[in-house]
Each structure stands twice: as structure tokens, then as C-alpha cells.
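See structure below.
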Amino acid sequence: MQTTAFTLTPSLPLLKSRRLSAQSSTLRCAPIRVSASLKPNTAALNCSANDGSLLSRRSWSVSSSDFKLRPWTSPALDRSRFEVTAAAESSGEIDEPKSSLFKTLELGSLFGLWYLFNIYFNIYNKQVLKVFPYPATVTGIQFAVGTVLVLLMWGLNLYKKPKITGAQLAAILPLAIVHTLGNLFTNMSLGKVAVSFTHTIKASEPFFSVILSAMFLGEIPTPWVVASLLPIVGGVGLASVTEASFNWAGFWSAMASNLTNQSRNVLSKKVMVKDKASMDNITLFSIITVMSFFLLTPVAIFLEGVKFTPAAMTSAGLNVNQLYIRSFIAALCFHAYQQVSYMILARVSPVTHSVGNCVKRVVVIVSSVIFFKTPVSPINSLGTGIALAGVFLYSRVKRIKAKPKTA
């Protein structure tokens, strides 16, 4: 007598009891045996449920005339499809953090370069201005090096060369003028006072930004913004009173630099033509650099004469090679840090960029004090700290918009 046994596993959903809860009982099925001892063409299926007490056994007759009893086989799984899908999902989960990590590292590297170029520019620029007190000529050299870099960048197709119309040049001209004046006044201040003091005064830029925006753009500041200006003004005043290298020429030059730089920001909003929407910040900065070189060069020659020749510097007892190298490094860093600044601005919000600029000023002040061994009193440090804290507060509260007045 031949006997065939089939085992039904309890994990199959086909054997779930409708009367018994899956949480309170476990269904067990005895093997199905088809035997010659059974009635012809019939099979018996015995099941028992165990939930702590034995249930009565029940039997069902299954007629083989209706269907043949076949061994249970689980549906074939497409393992290759499963593995490929799982691998794809796993790869996507891994690639996304990698991409995010790469962007974070890239942004952090840009911020590091921004600060590093600023530090080197201020140190080398100050060293040049100490022995070569011609700020217009120094500024013109910086624009000249920047112009050469821009032309190389366009000529080697490292950056797309823009097509400029006459209307665009006319609109950019006011920006180039105030950009030229802003950098000229900054170098005038750096030549007269300590680097740390110049940057402490330049921390008051938000004050001029609020005033000019209200006057020419009609942007009324919120009470929070006005309140944030108080520590800026107070801190700059306290630092100025206690500054060892203070003189009025350096002070007013730095203030004039603030005024012209913020005027450039206002003009960029008010005067720029509609085509500016298709011109990115790096392209705009490159055009302004070239225009500033042609604007300042004749003025520098008229005001200071031709002072950067080897003969003129040798007659003044200067180390020609050293001055050339330092001037070149300062000019490279001057152009590089502004390019990197615009690259960062393209990746982050203006508020984040403002906070980064505040941190940059702190880094420059601290590094210059350490390098030049600038004497700083505790009250002077306190004033600088208060001013910089006000700048940070300003960058945060500037996001708060005034609620519209209801009728």
C-alpha cells in the first residue's frame, strides 16, 4: 500500500481560521495522507488548534473526482529581480548621504578659502602700504591683476565670456565707480590705521545699508533691525575712543568705504537693467573689475604719478623684488576672495552669507592682531566684540518682516 504525505506549514495565509484570533491561538494541521485504506476517491484532513486547550477534531471529505490533490509548492521567487531592486534601493540610500556630504565639504572648503584669502590679502596689503604709501597706485595694481585674470578666464573658456551691450555698460558704470571708490577708501584706511581698527569700523556697514535703503528704495526697517544697529554704533564708538592707532584720516576713509560699498548694493537694485537677470554675480563682478581698472589708472597717475617703476622704488630705498611679490600676492588674494565670496553666495542664502561675512571679519581682526602684534586694550576689545555681536544680530533679525497693517 502506497502512502503519500503532504505537510501544510502554519505560515500559509490560506489556513487562517476566521473564528480564532491569530494572537490567541496557533493553528496546527496534521499531515494529509492519501491511503488505500480510505474510502475510494476520498481523503481525510485533520486539523487541531492549540490555544491552551484541545479542540475537537473535525474531518472533511475531499472528492478526487473534482480535483487531484497535488503537493504544495511555494510560488517561485524572481531572486534576480529582488536582488537588483534591493541593490538599487541600497545604492540610492548610500549615494544620497555621499552627495550631501560632498556638498557640505565643498561649502566648508569655500568658506575656508574665503577666510584664508582675506587674511593673506590684509596682511600683504598692509605690508605694502606701510612702505609704499600710495593707495591709488596699489588699488590700481590690484584691479590690473584682476583684469588679467578675468581676460585669461574668458580667453581659456574657464568661464563663459558675456556679450555686453551698450545699455548694460551704461547701467554697470555707476556700480563700477562706487566699487572703485570703495576699494580705494579701504586701502587709504589700511595705510593710516591698524588692520583690526579698519575692519572694526567697516563692521558698521549695516548702519549705512539701512539708511540708504530707506532713502532710495523706500525700505522701512523693522524695530528689530533698528535695535540691532545700537550695539554696532556703540561698539564702533567705544573701539574708536580706545584705539591706539586712531587718526581721523583712517577713520573717515573707512567710513567712506562703508558708504560707497553700500551705495553699490543700493544701485544694483535700483539702476541695473532688466538684462541683469541673465548675468550672474561672477560675470558682473568680472566686468566691474575691468571697468574699475580703466577708471582708476589715469586717476592714480594724475594724483600720485608713476611710482611703481623699479627706478622710482630703488631711489626711495625700497626692496623692489619684495614689494613686487607682496603686491602681486595681495592682488591675487584680493581678486580670489571676492570670486569665492560670489561662489558661496550662489550656494547659500543671503542671511547665511551675511553671518559668514561677520565671522570672516572676526577672523581677519584676530589674525591681524596676532601677526602685527597690535596693542589692544581690554576696552578696545570689548568695543570690537560689541560691534561684531551687533552685526551678527542684524543678520539674524533682518529676516523678520514687518506685519502688513490691516485696514
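The values are calculated or read from the model by the stated rules, or taken from the named source; none is laboratory data. As the structure is a computational prediction, the values presented were derived from the model and not from experiment. Here the Cβ is made from the backbone with ideal geometry for all residues, glycine too, and neighbour counts use every protein chain on show. Please note that ligands, DNA and RNA were not included when accessible areas were found on the heavy atoms of the full protein model with its side chains. Shrake-Rupley method; radii C 1.70, N 1.55, O 1.52, S 1.80 Å.
All but one of (1) in contact (Cβ under 8 Å) with a residue 12 or more places away in the chain; (2) open to solvent by 30 Å² or more (accessible area, probe 1.4 Å) hold for Gln338; which doesn't?
Tallying (1) in contact (Cβ under 8 Å) with a residue 12 or more places away in the chain; (2) open to solvent by 30 Å² or more (accessible area, probe 1.4 Å), Gln338 fails exactly one: (2).
Every residue in segment 354-387 that is β-branched (Val, Ile, Thr), in a helix (DSSP H, G or I) and closer than 20 Å to Lys130 by Cα, please.
Selection gives Val364, Ile365, Val366, Val369, Ile370.
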